[in-house]
Amino acid sequence: MSDSDLKPRLKQKTKVQKPKLYKVVLLNDDYTPREFVVLILKAEFRLDDSQAEVVMITAHQKGSCVVSVYPRDVAETKATRAIDAASQLGYPLQFNVEPE
């Protein structure tokens, strides 16, 4: 046998984990106009007209609805921007960010 057969491997394989995902949840309120909710969903979360309508109606009927799933920092940023846009116009629109 040669010496090269007995040498241990020095390279270590590093495992890369995918970032944990978080849900952005739209909460229903009785004060924010439906049209404004759809506008926010389209602008901030890049939903099309039909997707935004479904999310808005589901939140209205069931009390909440998952809008989308993102890594934590993206989910928190999008939820905060949407809440800030609503509050500037005096609407109490709320989003929660929850682990998936």
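The values are calculated or read from the model by the stated rules, or taken from the named source; none is laboratory data. Fair warning: this is a prediction, and the values are worked out from it, not measured in the lab. Backbone-built Cβ (ideal geometry, glycine too); neighbour counts: all protein chains shown.
Taking interchain pairs and intrachain pairs at least six residues apart, which have beta carbon atoms under 7 angstrom, with the first residue in the stretch 6-23 and farther than 27 Å from GLU76 by Cβ and the second modelled with pLDDT of 85 or more and of a type in the set (Ser, Thr, Tyr)?
Short answer, once both residue conditions are applied: none.
Going by the conditions given, is ALA86 in contact with a Cys (Cβ under 6 Å, 6 or more places away or on another chain) and of a type outside the set (Ser, Thr, Tyr)?
no
I need the full set of residues from the stretch 67-91 which are loosely packed, with under 15 Cβ neighbours inside 10 Å, more than 15 Å from GLU35 (Cβ to Cβ) and hydrophobic (A, V, I, L, M, F, W, C), in order please.
Once the filter is applied, which keeps residues that are loosely packed, with under 15 Cβ neighbours inside 10 Å, more than 15 Å from GLU35 (Cβ to Cβ) and hydrophobic (A, V, I, L, M, F, W, C), the stretch 67-91 yields only VAL69.
Restricting to the stretch 46-84, name every residue that is more than 12 Å from VAL25 (Cα to Cα), in contact with a Phe, Trp or Tyr (Cβ under 9 Å, 6 or more places away or on another chain) and touching a residue at least 24 places away in the same chain (Cβ under 8 Å).
Answer for the stretch 46-84, where residues must be more than 12 Å from VAL25 (Cα to Cα), in contact with a Phe, Trp or Tyr (Cβ under 9 Å, 6 or more places away or on another chain) and touching a residue at least 24 places away in the same chain (Cβ under 8 Å): PRO71, ARG72.
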